[in-house]
């Protein structure tokens, strides 16, 4: 049985190992993916636990999978989340009608008008961030990121730079601090078994803290919104409030005009257009789940990206000087001005190319799928593995791929699916513009 199970791909003439890629989980993951693609090619068969998987790192094929044939692979890899409400977040939901409804509600939350309003939270915290003494940059940037997410997500001024033991900090670290134990491994590799055993991959007490915090904020907003309904100057602009206001346009909310009707990048789903207007509302549990994933997904990834940018700039003083000179031309750090700083944006894009937060993107194949002109048929139930780190370091797509060269993004010529730090298509991160504004 095992021999037949682990020789499936070789019997189909697809290159790849005839065993579980255990080194991907016991070593440095992103380095392993790079070496695996070099050894087996951009498309190769593999195995995740006892599940058949196929690694696909060819941009043309990825565009088909993520956009044109989205209806075949609308789900992220199935994962057991335990009793946490996080399973109702956009990231973990299967790509069904409920997912489309939630996505249609969340997408308007990140229009440029609402991002402008949210930028005020970041500016005040950034002023506190300026220090003229030696600091541990990873910890310091982490505290800055936590403060911004607390303010932008929940409207809370946590000041974790000076208050590192704030309950939000300690509980966030408990949720994020999984150590690869049995619960998380089985939840990822064998979600059915994890569900049967009722395993909890996340620290349930910490998750319940965020559940209670979000419920408290929602109850306070119901009272506050009634008293400030006619006074737009007192309206909050954090993520929770923007979800509650998602059915209203930027014009109705008094935000900067001209941001409505923004394109939803590559939002076709196998020929079907995703709804541009929000459909219905979120339940309380769904709102809690979106707030939780906004907080947890944004914290470590954003702080790591900012730290990496500082590292690359410290190693390349010429780039640092060029960025400094561009920043000196900016008289105020508004949304509009920051978005026009081409070299700053190039530095951020090049940082994320070299050190993407997501080193593995996964999709579930729901029905048999012919993979382009490769002659390969992916059977239903197969997990599709995508390695952004390996794609971003492929010399066929990126000349001198290991070098920090921000100029490559000033007039980019790369294939759009050779750069996928946030995924792509309808299943891509709808908050990507917020992430960029944050790092700017």
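Would the stretch 1-131 count as rounded, prolate or oblate if I go by the C-alpha gyration tensor, calling it rounded below 1.5 in a/c and otherwise prolate when a/b exceeds b/c, oblate otherwise?
prolate
Which of rounded, prolate or oblate describes the stretch 138-225 when judged by the alpha-carbon gyration tensor and an a/c cut-off of 1.5?
The shape class here is oblate.
As I understand it, the value is the acute angle between the Cα axis of helix 284-315 and the longest principal axis of the Cα atoms of the chain; what does it come to in degrees, rounded to 10?
90 degrees
For the stretch 45-103, what does the alpha-carbon gyration tensor say about shape, rounded, prolate or oblate, given a ≥ b ≥ c as the root eigenvalues, a/c under 1.5 as rounded, and a/b over b/c as prolate?
It comes out oblate by the Cα gyration axes.
For the chain, what relative contact order do you get, as a whole percent, if you take Cα pairs closer than 8 Å and at least 6 residues apart?
26 percent
With a 10 Å cut-off between alpha carbons and a GNM built on the chain, which of 421, 17, 356 moves the most?
17
What is the antiparallel percent of DSSP beta bridges lying wholly in the chain, to the nearest 5?
80 percent
Which peptide among 328-335, 48-55, 393-400, 107-114 comes first, and what is the full order, when sorted by highest mean count of other Cβ atoms within 10 Å?
Per-residue Cβ counts within 10 Å, averaged per peptide and sorted highest first, yield 107-114, 48-55, 393-400, 328-335.
Compute the whole-percent fraction of alpha carbon pairs in the stretch 2-431 spaced more than 28 Å apart.
Tail fraction, whole percent: 54.
Could you tell me the center-to-center distance, by alpha carbons, between the stretch 24-49 and the stretch 376-423 in angstrom?
Here the two parts' Cα centres lie 15 Å apart.
Hey, can you rank 374-387, 156-169 by average C-beta count inside 10 Å, highest first?
Answer by packing, highest mean first, reads 374-387, 156-169.
If you fit an axis through the alpha-carbon atoms of helix 112-129 and take the longest principal axis of the Cα set of the chain, what angle between them do you get, 0 to 90°, nearest 10?
Orientation of helix 112-129: about 80 degrees from the principal axis.
Gain in length, residue 163 to residue 321, computed as 0.36 nm per residue apart minus the alpha-carbon separation, to one decimal in nm?
My answer for the length gained is 53.6 nm.
Mind ordering 291-299, 403-411 by average Cβ neighbours within 10 Å, highest first?
Ranked from most to least packed, the peptides come out as 291-299, 403-411.
Against the longest alpha carbon principal axis of the chain, how many degrees, from 0 to 90 and to the nearest 10, is the axis of helix 204-227 turned?
The answer is roughly 40 degrees.
Bear in mind that the values in this text are calculations on the coordinates, not laboratory data. This structure is a prediction, so every number in the text was calculated from the model and none was measured. Positions of Cβ are generated from backbone atoms using ideal geometry, with glycine treated the same way; all protein chains shown enter the neighbour counts.
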